Structure formats: structure tokens, C-alpha cells
Amino acid sequence: MSKDTQNEEEILETQEEVLEETPTDTQVEEVEIDDSEKFASLDEEFKAKMEAKVAEAEDKAKEAEDKFLRTHADFDNIKKRLEKEKYQAIDYASEKFAKDLLSTMDTLEMALQSATSEGSSDELIEKLKEGIELTIKSMLTTFEKHDISVVDTDEFDPQVHNAVMQVESENHESGQIVQVMQKGYMYKERLLRPAMVSIAN
């Protein structure tokens, strides 16, 4: 056998082996079908997982929305209650002071009853005077309890005193308070009413 013939036979054998290993069209189609089914199966599984995740996210979003709405409703209720309590506190801010004034009213009524009772004029005047003094004392006690104080009139202060007239006085220096015509009152640090005074020239 010549060398060329031997080479040709080897080439033919190699070609046959390659052809045997190369898949036919049918085999390729089968592989493609198997792969497409596999991919379809994977696609369905992925789709199912994604749908489950979306459903879970939607449930969480709905739960968060419900929680937010409940919290918002609770906040609105608290806000309304606080608003109501605030206006009630404003409306009834003077309730304690009003209660404390009732004793002063009782004292006034007692003074009036004693003034209209039988007796001499001097006795009636004395009872009336005593009733008025008790009423003033009761009123001042109530004022003190509620941080209301009488304006001091030792030295003239234009911030708390209202000088309505100037008078001649040998016993006072110029600018000093001669007479208190109407008392002034303070509520804590705030002026309720200035004292009406006359001062020396």
C-alpha cells in the first residue's frame, strides 16, 4: 500500500468519526425542544416566584396603609380631644376664682341683713361698718390666694401710678404721692389697674 493511499484512508476514517459525532438535524431539533421546555419551565418558576413576591409586597403595603390610617385616626381623635379640653380650660379658667368670691358674697349678704335689723342708728351703722370690713378682708384674702396684690404707693412710679392732679403740700416733696384716690392692683407681674393718685407740686 502506498503512502498516499494510507493517508487517504486515514482522512476518510476521521471524516466518518466526525460525522458520527455530529448530531443530525433531528437530533438538533430534539435538543432545541428539550432546552426550550427547560427554559419554559424555568420561566414559569421565576414568574411564580415574582408573583409571590409581588403579592407579599402588596400585603405589606396594605398592612402599612391600614396601620397609617389607624394611627392618623387616633391622632385626629387626640387632637380633637385636646382642642376641646383647651377651650374648656379657657372657658372655665376663672372657675376657682369665682368659687372663692362666693364667701365674699356671703359676707356682703350678712352685712346687709344686719343693717336692716332692728336697733338704734348707731348700732346699725356699727354693724354695717363691721360687715363692710369683713367683706374687704374676705376679698383681700381671695385676691392674695390668686396672686392679686395692691399696688404699692410709697414712691411715685409712672408705670403703676396715674397722677390725676398736682396739689400743694407742705409735708411732701415735689413728685411725691399725696393721696391715693383709687387703689391699683397687680396680677402677678402684670398691672391690672394703675393706682389713681395726686402728687405734690
Here is a list of conditions, (1) touching a helix residue (DSSP H, G or I) at 6+ places or on another chain (Cβ under 9 Å); (2) within 28 Å of ARG193 (Cβ to Cβ), and GLN113 meets all of them except one; can you say which number that is?
(2)
Would you please list the contacts, defined by Cβ atoms under 7 Å and residues six or more apart or on different chains, that run from a residue in region 157-180 that is farther than 8 Å from SER198 by Cα to a residue that is at pLDDT 95 or above and loosely packed, with under 14 Cβ neighbours inside 10 Å?
VAL160/LEU191
Any idea how many residues of region 121-145 are surrounded by 15 or more Cβ atoms within 10 Å (Cβ to Cβ) and under 47 Å from the mean Cα position of the chain (by Cα)?
6
Exactly one of PHE143, PHE97 is under 30 Å from GLN176 (Cα atoms), among the aromatic types (Phe, Trp, Tyr) and at pLDDT 85 or above, and that one is PHE143
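Pull up region 146-156, narrow it to residues that are more than 40 Å from the chain's Cα centre (by Cα) and surrounded by fewer than 14 Cβ atoms within 10 Å (Cβ to Cβ), then point me to the one that is farthest from ASP100 (Cα to Cα).
GLU155
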Against the condition β-branched (Val, Ile, Thr), at pLDDT 85 or above, assigned to a helix (DSSP H, G or I) and over 37 Å from the mean Cα position of the chain (by Cα), how does THR104 come out, does it pass?
yes
Quick check on SER36: is it assigned to a helix (DSSP H, G or I), at pLDDT below 85, over 30 Å from ARG193 (Cα atoms) and not assigned by TED's automatic domain parsing to the domain that holds LYS188?
yes
Looking at region 65-94, which of its residues are at pLDDT 90 or above and of a type in the set (Asp, Glu)?
GLU65, ASP66, ASP74, ASP76, GLU83, GLU85
If we scan region 82-94, do we find a residue that is surrounded by 10 or more Cβ atoms within 10 Å (Cβ to Cβ), of a type outside the set (Gly, Ala, Ser) and under 30 Å from THR141 (Cβ atoms)?
yes
The lone exception for LYS137 - which of (1) closer than 24 Å to LYS183 by Cβ; (2) modelled with pLDDT under 90 it fails:
(2)
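The values are calculated or read from the model by the stated rules, or taken from the named source; none is laboratory data. As the structure is a prediction and not an experimental result, all values here were calculated from the model. A quick note on method: Cβ atoms are made from the backbone with ideal geometry, for glycine too, and the neighbour counts reach across all protein chains shown.
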